[in-house]
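Please read the structure below before turning to the comments.
Computed from the coordinates by the stated procedures, all read-outs in this text should not be read as laboratory data. Fair warning: this is a prediction, and the values are worked out from it, not measured in the lab. Here the Cβ positions follow ideal geometry from the backbone for every residue, glycine too, while neighbour counts run over all protein chains shown.
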Amino acid sequence: MIFLFTDFGATDIYVGQVKAVLHQRAPGVPIVDLLHDAPPFNVKAGAHLLAALAARLPRGSVTLAVVDPGVGGEREAVAVNADGRWFVGPDNGLISVLAARAAGVEAYSIGWKPESLTASFHGRDLFAPVAAILAGGQRKSAKLKKVTLAVTFGPDDLAEIIYADHYGNLVTGVRAASVPRDWTLTINGHELAYARVYSDVPPGQLFWCENSLGLVEFAANAASAQELLGFAPGSRMP
């Protein structure tokens, strides 16, 4: 199974091209869209969001992960095996948080090269074929060489907004298990206390909760926390 995690945008021309390569090189392998609206260019936010999602991916799966503002530059292409799951993408920190939190991890540079490699679309030309190779169990064909990741953000939480969904819920890079439930914070004049679910507060009221990924999330009952707080991905928590 191949999972896709990108900032390509679901309505642009890029995802379809990547899937066409995957279907050609790994026919019959299921392809699942994890996310295509990761915060554009924000590698650190993407790394923490990917780490939260990675824990629920099946062992043996391959994830093509691309948030790559340095595409065509000096950053390397890597394949990382973390707790029995493969992740293919740029060595720019995107895969580093999940790798730092994994019990077992091995990182490899990718020696395989396509006949034609465009400067601006390594997701299609390089990462997709390698993801297909690994999904097909042809690891030797990828010409992997063990390396140490050049860019790493480490295992620690990130006290920033890393994602805003279409409801206006604001996902942070802080794991909720480390936060006491009596914690209250003030953001732009609004006080946010903990609530377990939306219906525990009146309509329009802001609160924080532990979301389904185990992260601290700022939300409002039947309203947009993003609009009420004026926060967006990249905003620092107070």
Give the lysines whose C-alpha is closer than 27 Å to that of residue 19, dropping any in the same chain fewer than 8 places away, or say none.
44, 113, 140, 143, 145
Need one number: nm distance between label points at residue 236 and residue 41, each 7 Å from Cα along Cα→Cβ, rounded to one decimal.
2.0
For q = 0.24 Å⁻¹, Debye-computed log10 I/I(0) when each Cα of region 28-89 counts as one equal scatterer
-1.17
Which percent, to the nearest 5, of DSSP beta bridges fully inside the chain are antiparallel?
70
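If I take every Cα pair under 8 Å that is 6 or more residues apart in the chain, average their sequence separation and divide by the length, what percent do I get for the relative contact order? Working shown, then result.
Values: 504 pairs, mean separation 41.5, N = 238.
Reported relative contact order: 17 percent.
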Around residue 132, with a cut-off of 13 angstrom between Cβ atoms, what is the net charge of the other residues, counting Lys and Arg +1 and Asp and Glu -1?
+3
Two pseudo-spin positions, 7 Å from Cα along C-beta at residue 145 and at residue 13, lie apart in nanometres by 3.5
Once you keep just the Cα pairs under 8 angstrom separated by 6 or more residues, what percentage relative contact order results for region 158-229?
33
With each run of n ≥ 4 DSSP H residues scored as -39500 (n - 2.57), what mean residue ellipticity at 222 nm is computed for the chain after dividing by its residue count and rounding to the nearest 500 deg cm²/dmol?
-5000 deg cm²/dmol
Cα-Cα pairs above 16 Å in region 139-238: how many percent?
59
Net charge near residue 61, counting Lys/Arg +1 and Asp/Glu -1 over other residues with Cβ under 12 Å of its Cβ?
+2
Could you give the angle, 0 to 90 degrees to the nearest 10, between helix 14-25's Cα long axis and the longest principal axis of the Cα atoms of the chain?
40
I need the chymotrypsin sites (Phe, Trp or Tyr not before Pro) found in region 151-209, filtered to DSSP loop residues with at most 15 other beta carbons within 10 Å of theirs.
167, 183
Region 30-59 and region 175-219 have their Cα centres apart by a whole-number Å value of 23
Could you give the radius of gyration (one decimal) and Dmax (whole number) of the Cα atoms in region 121-177, in Å?
17.3, 44
Modelling each spin label as a point 7 Å along the Cα-to-Cβ direction, I'd like the residue 113/residue 193 distance in nm, to one decimal.
6.2
